[in-house]
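J.: Before we start, here is the structure in question, set down as structure tokens.
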């Protein structure tokens with residue numbers, strides 16, 4: 001009978017303790033690898049909230065502020081960008097495309113974003129995924145609106161629903177509303193798990209139209225209201241935007257264009273590289289990640305301690321087993337090797353089960369996590385860090401097994417060929 005077979009038979013003889021030990025080790029490893037996998041997915045989703053964009057340009061303020069209000073719909077811009085400056089930069093020969101963004105209004109706690117058709121054509125997120133519709137399509141008219149998936153789901157809107165935009169309100173219920181110029185739902189976006197899901201999208205002309213008679217910043221009196229029929233195309237040409245996305249024809253030109261925009265003479269502008277700012281922001285948020293990782297390591301230690309306790313408590317019961325092995329010719333070295341081998345089998349089964357459970361959970365929950373929380377579980381399934389966790393558990397388990405192994409060796413040496421009680 002081989003030593004591996006003997007170790008397996010010995011573990012089967014202590015079935016309940018073996019199963020509980022494997023379960024504790026497996027659970028700790030699943031938790032540790034899951035935290036790392038979610039951390040990796042969260043980092044990828046965060047740093048790739050926008051993809052394929054070389055620069056984000058806004059009024060001169062802070063690079064983080066521009067990223068927050070443009071990508072994450074958080075906060076407000078300190079100033080606007082004139083349409084003349086936008087057109088001048090857009091027409092440069094080194095610019096491939098731009099996407100204008102105009103912010104300010106809201107609807108029942110969701111941000112209203114004004115842009116143009118280039119948004120649906122060029123905007124990308126994560127691994128260069130493009131915007132797609134679950135119903136309808138882009139605007140056909142000035143008072144059409146496209147909804148993010150979360151907006152449609154939470155507010156119960158469908159194609160053709162009428163929507164009233166609140167003036168200057170991006171959180172909660174608006175006080176002043178553009179109820180004389182209602183929008184109609186023309187399209188609903190597919191869920192992406194990003195901030196795209198939590199906004200409403202109208203045309204730049206639509207944004208201008210609802211503010212034509214709000215020149216003083218308050219609702220116009222009935223006699224000064226402009227009806228929809230009175231509004232012409234010339235009246236709604238945008239004069240300002242909040243910011244815009246930009247892609248260069250050659251990535252080598254990005255830094256030069258960034259410097260040119262930051263030194264723009266017509267008005268003070270700031271161009272930021274979104275990938276750099278997002279990476280820096282993620283690093284500043286790494287405290288939570290470290291806490292989760294520390295908790296996971298503690299759980300792994302608990303799993304290993306449960307293995308050690310199970311082995312130690314079984315030593316007294318196995319004294320007769322060790323004496324029989326000595327009679328059959330086993331040396332003290334064999335006794336130590338048997339305990340270490342049993343630990344190796346325990347750890348190997350726990351690692352295999354943990355890896356299988358992890359892959360199964362990713363396969364089952366991956367699409368849901370991506371849509372609901374923006375956690376994109378991209379390849380590889382096992383990162384270098386996760387593989388190092390597996391090896392760490394195996395090594396620590398073998399090292400900790402030396403404690404009961406040495407105890408078994410001392411007992412065998414003391415008992416000799418007969419067990420003394």
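J.: Mind counting the residues in the range 173-209 that are over 33 Å from the mean Cα position of the chain (by Cα) and closer than 22 Å to residue 242 by Cβ?
T.: Of the residues in that region, 8 qualify.
J.: Turning to a different aspect of this structure: Inspect all residues belonging to the range 381-389 and state whether any of them is surrounded by 16 or more Cβ atoms within 10 Å (Cβ to Cβ) and either at pLDDT below 70 or outside any helix (DSSP H, G or I) (or both).
T.: Yes, the range 381-389 contains at least one residue that is surrounded by 16 or more Cβ atoms within 10 Å (Cβ to Cβ) and either at pLDDT below 70 or outside any helix (DSSP H, G or I) (or both).
J.: Please tell me if residue 280 is out of contact with any helix residue (DSSP H, G or I) (no Cβ under 6 Å at 6 or more places or on another chain), modelled with pLDDT of 70 or more and surrounded by 13 or more Cβ atoms within 10 Å (Cβ to Cβ).
T.: Yes; evaluated as a whole, the condition is true for this residue.
J.: Let me ask something else about it. I'd like to check which helices (runs of 4 or more DSSP H) are fully inside the range 230-316 and have at least 3 residues that are under 30 Å from residue 396 (Cα atoms).
T.: 286-313
J.: Another question, if that's okay. So, of the residues in the range 51-72 that are under 17 Å from residue 89 (Cβ atoms) and not in a loop (DSSP other than H, G, I, E, B), which turns out to be farthest from the chain's Cα centre (by Cα)?
T.: So the residue we want is 59.
J.: Test residue 134 against the criterion of being in the same structural domain as residue 241 (by TED's automatic domain parsing), under 26 Å from residue 180 (Cβ atoms), exposed (fewer than 14 other Cβ atoms within 10 Å of the Cβ) and at pLDDT 90 or above, and give yes or no.
T.: No: the conditions fail for residue 134.
J.: Here is a further query. I'm told residue 78 meets every condition in (1) in contact (Cβ under 8 Å) with a residue 60 or more places away in the chain; (2) in the same structural domain as residue 265 (by TED's automatic domain parsing); (3) in contact with a helix residue (DSSP H, G or I) (Cβ under 8 Å, 6 or more places away or on another chain) except one. Can you identify the failing condition by its number?
T.: With respect to (1) in contact (Cβ under 8 Å) with a residue 60 or more places away in the chain; (2) in the same structural domain as residue 265 (by TED's automatic domain parsing); (3) in contact with a helix residue (DSSP H, G or I) (Cβ under 8 Å, 6 or more places away or on another chain), residue 78 is out only on (1).
J.: Please go through the range 61-75 and give me each residue that is within 10 Å of residue 270 (Cβ to Cβ), touching a strand residue (DSSP E or B) at 6+ places or on another chain (Cβ under 6 Å) and at pLDDT below 90, ordered by number.
T.: Matches in the range 61-75: 63 only.
J.: Does residue 84 satisfy the criteria of being assigned to a strand (DSSP E or B), at negative phi and either in the same structural domain as residue 240 (by TED's automatic domain parsing) or modelled with pLDDT of 95 or more (or both)?
T.: no
J.: Of all residues in the range 24-59, which are under 24 Å from residue 249 (Cα atoms) and at pLDDT 80 or above?
T.: Hits for the range 24-59 are 50, 51, 52, 53, 54, 55, 56, 57, 58, 59.
J.: Also: Applying the selection to the range 87-107, what residues are assigned to a loop (DSSP other than H, G, I, E, B) and either outside the structural domain of residue 257 (by TED's automatic domain parsing) or closer than 27 Å to residue 153 by Cβ (or both)?
T.: Selection gives 103, 104, 105.
J.: Follow-up. Taking the criterion of being under 30 Å from residue 46 (Cα atoms) and touching a helix residue (DSSP H, G or I) at 6+ places or on another chain (Cβ under 6 Å), would at least one residue in the range 252-269 satisfy it?
T.: So far as the range 252-269 goes, yes, one or more of its residues are under 30 Å from residue 46 (Cα atoms) and touching a helix residue (DSSP H, G or I) at 6+ places or on another chain (Cβ under 6 Å).
J.: Of all residues in the range 7-16, which are closer than 14 Å to residue 349 by Cα and either surrounded by 17 or more Cβ atoms within 10 Å (Cβ to Cβ) or modelled with pLDDT of 70 or more (or both)?
T.: Correct list: 7, 11, 15.
J.: I'm told residue 78 meets every condition in (1) surrounded by fewer than 16 Cβ atoms within 10 Å (Cβ to Cβ); (2) modelled with pLDDT of 90 or more except one. Can you identify the failing condition by its number?
T.: All conditions pass for residue 78, except number (2).
J.: Right, residue 111: in contact with a strand residue (DSSP E or B) (Cβ under 8 Å, 6 or more places away or on another chain), surrounded by 19 or more Cβ atoms within 10 Å (Cβ to Cβ) and on the phi > 0 side of the Ramachandran plot or not?
T.: Here the answer is no, as residue 111 does not meet what is asked.
J.: What is the number of the single condition among (1) free of Cβ contacts under 8 Å to residues at least 24 places away in the same chain; (2) over 30 Å from residue 163 (Cβ atoms); (3) under 23 Å from the mean Cα position of the chain (by Cα) that residue 31 does not meet?
T.: So residue 31 meets the others, but not (1).
The values are calculated or read from the model by the stated rules, or taken from the named source; none is laboratory data. Since we're looking at a predicted model, the values are computed, not measured. For neighbour counting, all protein chains shown are included, and Cβ atoms are generated from backbone atoms with ideal geometry for every residue, glycine included.
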